[in-house]
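Below: the structure, in structure tokens.
The values are calculated or read from the model by the stated rules, or taken from the named source; none is laboratory data. Every value quoted in this text rests on a predicted model; they were computed, and no experiment measured them. Virtual Cβ from ideal backbone geometry, glycine too; neighbours counted across all protein chains shown. All accessible areas refer to the heavy atoms of the entire protein, side chains included, with ligands and DNA or RNA removed. Shrake-Rupley method; radii C 1.70, N 1.55, O 1.52, S 1.80 Å.
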Amino acid sequence: MTEQVQGRFREVATNQQDLAQLEAIMRETFTDTFGGEQSAADLSAFLDKNYNPPVLKRELADTNSQTFFYEVAGQPAAYLKVNWATAQTEQQFDNALEIQRIYVRKPFQKLHIGGVLMRRALEIAQQQNRDQVWLGVYEHNLNAQGFYQHFGFQRVGQHTFMVGTDPQTDFLLAKKLQ
């Protein structure tokens, strides 16, 4: 078993450097994770629509959301985005925290950083006295599903997640906290 590498959380700021770094990491990790699952045109359309500076700046300015880099030796190794209240992408979960994005860059995978990100999200939910934490996971991403099950998440539904023109099924998973 590989040891966990030491790092630190830093909230992403709206300055040009952080925005550029966040956009690059988002595009990199989404492509690494899902690039083989859809056409190049659908992937490009999704990235251009969702991971661009105006969208990211708007997301970072939302007071019902937080985005963090997890840095190792001063370099972003992963990122985490959590939402609550009106920032949630689905409004069916009462008094909940959504883990919208949890990604680890390829060179830093297998170092238990995903667990560090998950524990941070759960800690935020507990500090906010949330009843539950939820997320969406691609139906074919079995590794991620196993990771979430390890943390006690259970399937409670599904929704359609559009990647370009390709409608994909995401399973909705939730974990009760109280």
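Key figures
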quantity	calculated
Candidate set from the stretch 159-174 (those that are over 16 Å from the mean Cα position of the chain (by Cα) and within 16 Å of Gln91 (Cα to Cα)); member that is most open to solvent (accessible area, probe 1.4 Å)	Thr160
Failed item, numbered, when Gln6 is tested on (1) among the polar types (S, T, N, Q); (2) assigned to a helix (DSSP H, G or I); (3) loosely packed, with under 12 Cβ neighbours inside 10 Å	(2)
Checking Thr31 against (1) open to solvent by 30 Å² or more (accessible area, probe 1.4 Å); (2) without any contact (Cβ under 8 Å) to a residue 60 or more places away in the chain; (3) touching a Phe, Trp or Tyr at 6+ places or on another chain (Cβ under 9 Å); (4) not basic (Lys, Arg), the condition it does not meet	(3)
The stretch 127-158, subset assigned to a strand (DSSP E or B) and over 21 Å from Gln66 (Cβ atoms), residue nearest to the chain's Cα centre (by Cα)	Tyr138
Residue match in the stretch 30-38 (condition: assigned to a strand (DSSP E or B) and out of contact with any Gly (no Cβ under 8 Å at 6 or more places or on another chain))	no
